[in-house]
Each structure stands twice: as C-alpha cells, then as structure tokens.
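A.B. asks: Okay, here's the structure, questions in a sec.
Every read-out reported here was derived from the displayed coordinates using simple, explicitly stated rules and does not represent laboratory data. Just so we're clear, the structure is a prediction, and the values are computed from it rather than from any experiment. Note: ideal-geometry Cβ built from the backbone for every residue, glycine included; neighbour counts use all protein chains shown.
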Amino acid sequence: MSIQLRLPEGIESERLVFRRPCVADAQALFDAYTSDPQVPKYMVWAPHTNVSETETFLEGCVADWNEGSRFAYALTLQGRASSPVGMLDATPKGHMLDIGYVLARDLWGRGLMTEAVMAFSELALALPGVFRLQASCDFENMASARTLEKSGFVREGRLDRYTVHPNISVEPRPCFMYARCR
Ligand SMILES: CC(C)(COP(=O)(O)OP(=O)(O)OC[C@H]1O[C@@H](n2cnc3c(N)ncnc32)[C@H](O)[C@@H]1OP(=O)(O)O)[C@@H](O)C(=O)NCCC(=O)NCCS
C-alpha cells in the first residue's frame, strides 16, 4: 500500500514565507519574473507575453496541489504575503522529491534561494518516507549549480542530452544531477 505524501501548506525561513499559490497571484508573478526573458533562459518554459499565460500556469499548480501530484510553493518576502517573488516546487517520485525553483531577477545574489532550498530540504528530509531530494540543472546554469551546492546537494554526474531548454536550443542539452539524501 502506498501512502500519498502531503507536504505542509506553509513554510517559513528567516526572510521568506512559502505558501500555496492561487490564480490571483498571476499579475504579481508576471511582473516579478514570468514576463522577464532572462529568467527562464535555463528553464523548460518560454517567457510569458500575457498575464493569462501565468494564470493558466497557476491553475495547473492549484490542480496539482489538490491532487497531490506536485507541490509548487509561492515564495514571498516576510511581511509581503500578497506579492510572490518566486516559486519552489517539489514533485514526488516514490521515496524521492524532484525540486525546481525560480526567483525574480532583482533579488538574485542575496542568498535567498539558498535559504529557500535549505529550509525546504531540512523539512522534507525529516518527513517519513522521503529519503532523497534531487534537482537537475543545465550544465551552464552556474547560479543554480552553486545554489544546490550551498544547500548541501552533491553533484552526482553529468547527464548528456537530458533536457531541452528551448530558450537556448531545440536540441536536448547536458544537465548536472544533484541530490541531497538522508
Ligand atoms: C538559480 C536562482 C534561483 C538562484 O537564486 P539566488 O537567490 O540568486 O541564489 P543565491 O544568491 O542563494 O546563490 C547563488 C550563487 O550562485 C552564484 N552565481 C550566480 N551567477 C553565477 C555565475 N554566472 N557563475 C558562477 N556562480 C554564479 C552566486 O554568486 C551565489 O554563490 P555565492 O553565494 O557563493 O557567491 C536564480 O538565479 C534564478 O531564479 N535563475 C533563473 C531560474 C533558474 O535557472 N532556476 C533553476 C533551474 S535548474
């Protein structure tokens, strides 16, 4: 019998609050990063040209939370709960969680995503049944690789032709696989 994993709906770190996203977050996320062409360079999605694309994305996040298939948290700065500035998502795969994350560009370089990944990792690896967190990043995405390393993840290898990052090329590109286990 498999027990469906439920993650907490709210998490806090020193400077950040994680919460369930809602469709009403669309304009704030569109303004913060989904419309910024530089942010998704190493992501699988193209920059949004209209806020309705962000709404559609958020509808998917809400549906995934409801069915327990993926847990995408809206990240807000402490005291600014109505204005998300990024997201961190976790997809269960048996005893593992696959994580991804993104942050508004004007907040890069302040250690915020390291803080988020650390807080999430410590909480998730303490849950019964969760033994491994993993994340892959494009082999040229140095900011993401460094974020994972600072958050206690170990680079396990380079996976050739692993992911298409369409803002760079239609061809699948190499990625690094990182994991943090207990
Ligand atoms: C990846 C991302 C979330 C990092 O967020 P952040 O809050 O800026 O990360 P942090 O400040 O905690 O840490 C970033 C680290 O990368 C380093 N870094 C940033 N750009 C770098 C580069 N081009 N080369 C080497 N290191 C780099 C920073 O110096 C910092 O390390 P340091 O503290 O040792 O100096 C952010 O850059 C982002 O949203 N990028 C676009 C989305 C994305 O690529 N997501 C990941 C997909 S796998």
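A.B. asks: Residues being among the small types (Gly, Ala, Ser), in a helix (DSSP H, G or I) and either within 11 Å of the ligand (Cβ to nearest atom) or more than 18 Å from GLU14 (Cα to Cα) (or both): count how many of those fall in the stretch 93-124.
C.D. replies: Selection size over the stretch 93-124: 1.
A.B. asks: Identify all residues within the stretch 1-55 that are in contact with a Lys or Arg (Cβ under 7 Å, 6 or more places away or on another chain), more than 20 Å from GLN78 (Cβ to Cβ) and surrounded by 14 or more Cβ atoms within 10 Å (Cβ to Cβ); write none if there are none.
C.D. replies: Hits for the stretch 1-55 are ASP36, VAL39.
A.B. asks: If you take the residues in the stretch 125-155 that are closer than 21 Å to LEU16 by Cα and of a type in the set (D, E, K, R), which one is nearest to the ligand (Cβ to nearest atom)?
C.D. replies: ARG146
A.B. asks: Of a type in the set (Asp, Glu) and under 13 Å from the mean Cα position of the chain (by Cα): does that describe ASP89?
C.D. replies: yes
A.B. asks: Quick one: in the stretch 125-179, of everything that is among the small types (Gly, Ala, Ser) and part of a strand (DSSP E or B), which residue is farthest from THR34 (Cα to Cα)?
C.D. replies: Selected residue: GLY157.
A.B. asks: Go through (1) of a type in the set (D, E, K, R); (2) within 24 Å of CYS175 (Cα to Cα); (3) in a loop (DSSP other than H, G, I, E, B); (4) more than 10 Å from the ligand (Cβ to nearest atom) for ARG80 and report which single condition fails.
C.D. replies: The failed condition is (2).
A.B. asks: I would also like to ask the following. Looking only at the stretch 35-58, which residues are touching a Phe, Trp or Tyr at 6+ places or on another chain (Cβ under 7 Å) and part of a helix (DSSP H, G or I)?
C.D. replies: Passing the criteria: VAL39, VAL51, THR54.
A.B. asks: Right, here's the next one. Looking at SER136, is it in contact with a Leu (Cβ under 9 Å, 6 or more places away or on another chain) and not acidic (Asp, Glu)?
C.D. replies: Against the criterion (in contact with a Leu (Cβ under 9 Å, 6 or more places away or on another chain) and not acidic (Asp, Glu)), SER136 qualifies.
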